[in-house]
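What follows is a single structure, written as structure tokens, with notes after it.
The values are calculated or read from the model by the stated rules, or taken from the named source; none is laboratory data. The shown structure was predicted, so the numbers you read here are calculated from the model rather than taken from an experiment. Every residue, glycine among them, receives a Cβ derived from its backbone with ideal geometry; neighbour counts consider all protein chains shown. Accessible surface areas use protein heavy atoms only, side chains included; no ligands, DNA or RNA. Shrake-Rupley method; radii C 1.70, N 1.55, O 1.52, S 1.80 Å.
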Amino acid sequence: GMRLVLLSEELKEEALPEEVQTFLRESHAELVVHQFRIGYNYFTAEEALRQILPADVEVPTGFETVGHIAHLNLRDQHLPFKHLIGQVLLDKLHNVRTVVNKVANIENEYRVFPMEVLAGEENMETEVREHNARFKLNFAEVYWNSRLQEEHQRIVNLISPRETVCDMFAGVGPFAIPLAMKGCTVFANDLNPHSFHYLNINTRLNKVEGRVKTFNMDGREFIRRLIRGSLFEDHQPVHVSQIVMNLPATAVEFLDVFR
């Protein structure tokens, strides 16, 4: 026969809506009450935290996922509960094995920020995929922002295949690698030796090492030597058609090198 299921924490027959009571009478049906216990596994991360955290503490919902790492920017109100929040996210987020919290702003030339592990593995080396490329990186040692993937692709789409591109602040290769994959010749530089290390790994990982020349030096010195030809034994200057300067805060300070 037909069954009508009503879910309510407090349900009494006399409190049922009139149409439900009419249904019971006309159908000669019996109201049967069952207790159904919903445990932790039934809740999403947001639902679980709403139940666990004090009522006056906002549930943190924004975070970035970088490979197996979930990266949070917790507010002061969350800090007394930071490890609890980290454990819930570790339990609930598929493929996340490490939860970290940013503890200070970026204040160094390598654009990396201090972080603490809230839950899970103390493993910052991970791999991410952007469109058709793979990138290995150590999240504690290099700059990476997964929220920029559409901007990365937008810039790559603006540049035609077979162009010669200078990537002054290349990081681990979010511009250099896709550009090389579409046929460009790329001269990619980064001051951070850790970024340079993973940039070389990623050129091999994506099989574009023949189209990407990598360098580890100051961006200003890099572009000067590239244009003058002093980067190579033949001392031939390189004629670039596109220059990428992915350093939003201070890129304008490097414009003097093009005079």
Exercise for review: Can you work out which of the residues in the stretch 187-199 that are in contact (Cβ under 8 Å) with a residue 12 or more places away in the chain and under 21 Å from the mean Cα position of the chain (by Cα) is most open to solvent (accessible area, probe 1.4 Å)?
Suggested key: HIS194
Point to revise | Set GLY171, GLY183, GLY229: member being at positive phi and surrounded by 20 or more Cβ atoms within 10 Å (Cβ to Cβ) | key: GLY171
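Do we find a residue being at pLDDT 90 or above and assigned to a helix (DSSP H, G or I) anywhere in the stretch 103-120? Let's see the steps before the verdict.
Of the stretch 103-120, the ones at pLDDT 90 or above are 115-120.
Then drop every residue that is not assigned to a helix (DSSP H, G or I), which leaves none.
No, because not a single residue in the stretch 103-120 is at pLDDT 90 or above and assigned to a helix (DSSP H, G or I).
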Exercise for review: Filter the stretch 62-78 down to the residues that are assigned to a loop (DSSP other than H, G, I, E, B) and more than 14 Å from the chain's Cα centre (by Cα), then identify the one that is nearest to GLN149 (Cα to Cα).
Suggested key: LEU74
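Listed here are the residues, each with its yes/no results for (1) more than 17 Å from the chain's Cα centre (by Cα); (2) over 25 Å from LEU231 (Cβ atoms); (3) in contact (Cβ under 8 Å) with a residue 60 or more places away in the chain.
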| residue | (1), (2), (3) |
| --- | --- |
| ASP91 | yes, yes, no |
| ASN101 | no, yes, no |
| GLU122 | yes, yes, no |
| GLU125 | no, yes, no |
| ASN145 | no, yes, yes |
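Within the stretch 44-62, can you find the residues that are at pLDDT 90 or above and of a type outside the set (A, V, I, L, M)?
Initial filter on the stretch 44-62 (at pLDDT 90 or above): 44-60.
Once the filter is applied, which keeps residues that are at pLDDT 90 or above and of a type outside the set (A, V, I, L, M), the stretch 44-62 yields THR44, GLU46, GLU47, ARG50, GLN51, PRO54, ASP56, GLU58, PRO60.
Counting only residues that are surrounded by 15 or more Cβ atoms within 10 Å (Cβ to Cβ) and assigned to a loop (DSSP other than H, G, I, E, B), which one in the stretch 92-102 is modelled with the lowest pLDDT? Steps first, please.
Of the stretch 92-102, the ones surrounded by 15 or more Cβ atoms within 10 Å (Cβ to Cβ) are 92-93, 96-102.
Right, trim to assigned to a loop (DSSP other than H, G, I, E, B) and you get 93, 96-97.
On the way: LEU93: 93, VAL96: 97, ARG97: 97.
So, considering only residues that are surrounded by 15 or more Cβ atoms within 10 Å (Cβ to Cβ) and assigned to a loop (DSSP other than H, G, I, E, B), the one modelled with the lowest pLDDT is LEU93.
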Point to revise | Evaluation of VAL165 against (1) touching a strand residue (DSSP E or B) at 6+ places or on another chain (Cβ under 7 Å); (2) open to solvent by less than 30 Å² (accessible area, probe 1.4 Å); (3) farther than 30 Å from ALA140 by Cα (one fails), failing number | key: (3)
Check your understanding: If GLU64 satisfies every condition in (1) of a type in the set (Asp, Glu); (2) in contact with a strand residue (DSSP E or B) (Cβ under 7 Å, 6 or more places away or on another chain); (3) farther than 26 Å from VAL128 by Cβ but one, which is the exception?
Key -> (3)
Point to revise | Positions within the stretch 39-61 being surrounded by 17 or more Cβ atoms within 10 Å (Cβ to Cβ) and assigned to a loop (DSSP other than H, G, I, E, B), in sequence order | key: PHE43, LEU53, PRO60
Revision key, fill the gap. Output for Cβ contacts, cut-off 7 Å, separation at least six or different chains, first residue assigned to a loop (DSSP other than H, G, I, E, B) in the stretch 205-222, second loosely packed, with under 15 Cβ neighbours inside 10 Å and modelled with pLDDT of 95 or more, reads ASN206/ARG134; ASN216/PRO193
Check your understanding: So how many residues does the stretch 144-165 have that are closer than 18 Å to TYR198 by Cα and among the hydroxyl-bearing types (Ser, Thr, Tyr)?
Key -> 1
Study note, to complete from the structure: Filtering the stretch 103-139 for residues that are of a type outside the set (A, V, I, L, M, F, W, C), over 22 Å from TYR198 (Cα atoms) and either surrounded by 18 or more Cβ atoms within 10 Å (Cβ to Cβ) or touching a His at 6+ places or on another chain (Cβ under 8 Å) (or both) leaves a count of 1
